[in-house]
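Notes follow once the structure below has been shown.
The values are calculated or read from the model by the stated rules, or taken from the named source; none is laboratory data. Since this is a predicted model, take the numbers as computed values, not measurements. Please note: Cβ atoms are built from the backbone with ideal geometry, for glycine as well, and neighbour counts cover all protein chains shown. Heads up: the accessible areas ignore ligands, DNA and RNA and are worked out on the full protein's heavy atoms, side chains in. Shrake-Rupley method; radii C 1.70, N 1.55, O 1.52, S 1.80 Å.
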Amino acid sequence: MEAFSVNFAFEPHPSPVPANERAARLVDPGFGRVFTDHMAVMHYSEGRGWHDGRISQRVPLTMDPASSVLHYAQEIFEGLKAYRLEDGGLALFRPEANARRFNASAQRMAMPELPEELFLESVEQLVLQEREWMPTVEGGSLYLRPFMIASEAFLGVKPSAEYLYMVLASSVGAYWKGGARAVSLWVSHDYTRAAPGGTGAAKCGGNYATSLVAQQEAIRRGYDQVVFLDAAERRWIEELGGMNIFFVFEDGSLRTPPLTGTILPGITRDSILQIARDQGLIVQEEPYSIDEWRADAASGRLIESFACGTAAVVTPIGRVAGPDYEFTIGSGGTGQLTAHFLERLTAIQRGRSKDSHGWLRRIG
Ligand SMILES: *Cc1c(COP(=O)(O)O)cnc(C)c1O
């Protein structure tokens, strides 16, 4: 596919990172630190709608300090990856689902929707321009970060009349070097992430801002990640700061919290549900309480738990603790079904396995 865009004019970077320097940065890219030469940008204003799309050099933004995003946090984002396939091609994984979710988030935050074809075009064109930045390290990919901010300079509280949509590309390595390591979780009984009627299902920066203090507490107490309970009863397990959660039982069945508006509808979550159902596994989207989790881990009824999301794909959970309890899941390592889903999903994403649901969108 030629890099040719209808809605995003290409303005080549006058002095892109030289090939040898780029190669050096790609040896061990880590996550979210290595950025490519270009970014996609498009503007929105009331009356004119979306206009002036470009793929141009990645530069710092010049913005008015009164821009409403800086004061009232009207901001949403997405996260998806482009992969190098076994046959050498490039593909995105379910980008249409990201485009739809971006608009669901926009609606919740009183922001304008971005037509799905513009979302897809911006991401595809950027990946095509930046294909040289695809890491060749095992498990590497190009992480795409579409986002939208309110850019009107006005201190009155109302939805902004102007917005900026952008897409960044970042070369990333495998999230967990040397294979998935089981993480430990701190159950937050003090802080909640989302309340009924709130923004839990929207992918907005604000959700992350409010989760950081809880994550900080988890780290301070010696755990890797925080897991949140529901805000109303402080009983039901919802999700981690940025990943959904699954429970695996002795009888081979799975459970994950239902999408009732307070958890983020993860595309990885949805893909795992589909893969599990394809295999004839019993999967329940039902609430699961912290008390049940503790009791089932102790009795052996629960044998595995894992978290999932685009960045880390599938992450085993080894140990869980709260203010006056601590328990181990299974052997404390990576469970069989957890490893299986990680393998299945990566095989589809890399084109090593049949893509029976049409999840890969080839872009070159
Ligand atoms: C993005 C995100 C997820 C995971 O969604 P994926 O589409 O699987 O990447 C889970 N929880 C939160 C809070 C998120 O922001």
Q: For the range 14-54, name all the residues that are out of contact with any Gly (no Cβ under 9 Å at 6 or more places or on another chain), acidic (Asp, Glu) and in contact (Cβ under 8 Å) with a residue 12 or more places away in the chain.
A: Asp37, Glu46
Q | Any strands (runs of 3 or more DSSP E) falling wholly within the range 281-335 and containing at least 1 residues that are acidic (Asp, Glu) | A | 283-285, 302-309, 325-328
(Q) Out of the residues in the range 264-292 meeting the condition of being under 23 Å from Ala194 (Cβ atoms) and without any contact (Cβ under 8 Å) to a residue 24 or more places away in the chain, tell me which one is nearest to the chain's Cα centre (by Cα). (A) Leu273
Q) Does the range 254-280 hold any residues that are in contact with a strand residue (DSSP E or B) (Cβ under 7 Å, 6 or more places away or on another chain), assigned to a loop (DSSP other than H, G, I, E, B) and either more than 13 Å from the ligand (Cβ to nearest atom) or among the charged types (D, E, K, R) (or both), and which are they? A) Pro258
**Q.** Selection from the range 220-239 of residues that are open to solvent by 30 Å² or more (accessible area, probe 1.4 Å) and under 15 Å from Ala182 (Cα atoms)
**A.** Gly222, Asp224, Gln225
Q: Six or more apart or on different chains, Cβ under 9 Å: which pairs go from a residue in the range 228-247 that's part of a loop (DSSP other than H, G, I, E, B) to one that's away from the ligand (no atom under 14 Å from the Cβ) and charged (D, E, K, R)? Could you list them?
A: Arg235/Asp291
Q) Any idea which of Ala161, Ala195, Ala201 is out of contact with any Leu (no Cβ under 7 Å at 6 or more places or on another chain), not assigned by TED's automatic domain parsing to the domain that holds His38 and not hydroxyl-bearing (Ser, Thr, Tyr)? A) Ala195
